[in-house]
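Data block below; observations after.
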Amino acid sequence: MHTHTMHHTFPGEGPADRPAEQPADRPPDGPPGGPPPDDRPRSGAASLVAGAAVGTAAVGAALSIGDIGSPLRAPFTLFFLVMAPAAALAAALGRMDPLGRAVVAGAGALAVDLLVAQTMLALHVWSVRGGVLAVAALSGAGLLLTAVRRRARHGRRGRVE
C-alpha cells in the first residue's frame, strides 16, 4: 500500500518559486542584509499622507474630547475612530501583504469600535468623549505592545553569546 502526502502551497511559497540565491529564512520582499519589508523607509509622498492622516485624526480626537463645536468635528472624529485602531492593527500585522493587512485592519477597527460602544452601552456609561478615549486607549495599548514585541524580537537577533 502506497500513501501519498499532499502538500498545499500557494503561488510564491514553494521552493521552485524562490530564486536560487534567496535563502529560505529571508522574506521575499526584503533586500539581502537590509531591513525587513515592514521596516522599509517610506517615500516623501507617503510620509506626507501619513502625517496628514495623523494630524486629521488628532484634530478629530481633540475636537471630540474638548467638546468643541465645529463643522469638522463629526468627520474628523469618525476618521479618528476608524484610523486609530486600524493603524494599531496594521502595525501588529506587519508581515502580511498590504491589501490583506488593510482589509483585516479595517474590519478589526470596526470591530473594536463596535465592541467599545456595546460595552459602554451595556454598562450604561455611554458618552462620545468616553468612547473616543476608550478607542484611543485601546489603540495606544495595541501600538505599544507591537513596539515592545518588535523591540524584543530585534534585541534577541542582535545579541551574540
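The values are calculated or read from the model by the stated rules, or taken from the named source; none is laboratory data. Only a predicted model underlies this, so the values are computations on that prediction, with no experimental measurement involved. All Cβ positions, even for glycine, are placed from backbone atoms using ideal geometry, and neighbour counts span all protein chains on display.
Considering each residue of the stretch 40-65, count those that are surrounded by 11 or more Cβ atoms within 10 Å (Cβ to Cβ) and among the small types (G, A, S), and give that number.
Going through the stretch 40-65 one residue at a time, the tally reaches 10.
So how many residues does the stretch 105-140 have that are of a type in the set (A, V, I, L, M) and in contact (Cβ under 8 Å) with a residue 12 or more places away in the chain?
Looking only at that region, the number is 14.
Before we move on, is A46 of a type in the set (A, V, I, L, M), within 27 Å of R153 (Cβ to Cβ) and touching a residue at least 12 places away in the same chain (Cβ under 8 Å)?
no
Restricting to the stretch 106-138, and then to whatever is among the β-branched types (V, I, T) and under 20 Å from D67 (Cβ atoms), can you tell me which residue is surrounded by the fewest Cβ atoms within 10 Å (Cβ to Cβ)?
So the residue we want is V125.
What tally of residues in the stretch 116-148 results from selecting those that are within 12 Å of L81 (Cα to Cα) and of a type in the set (A, V, I, L, M)?
Of the residues in the stretch 116-148, 10 are within 12 Å of L81 (Cα to Cα) and of a type in the set (A, V, I, L, M).
Quick one: which of A46, A84, A102, A107 is at pLDDT below 90 and among the hydrophobic types (A, V, I, L, M, F, W, C)?
The conditions single out A46.
Considering only the stretch 83-110, state which residues are part of a helix (DSSP H, G or I), touching a helix residue (DSSP H, G or I) at 6+ places or on another chain (Cβ under 6 Å) and over 14 Å from A58 (Cβ atoms).
Once the filter is applied, which keeps residues that are part of a helix (DSSP H, G or I), touching a helix residue (DSSP H, G or I) at 6+ places or on another chain (Cβ under 6 Å) and over 14 Å from A58 (Cβ atoms), the stretch 83-110 yields P85, A86, A88, L89, A90, A91, A92, R101, A105, G106, G108, A109.
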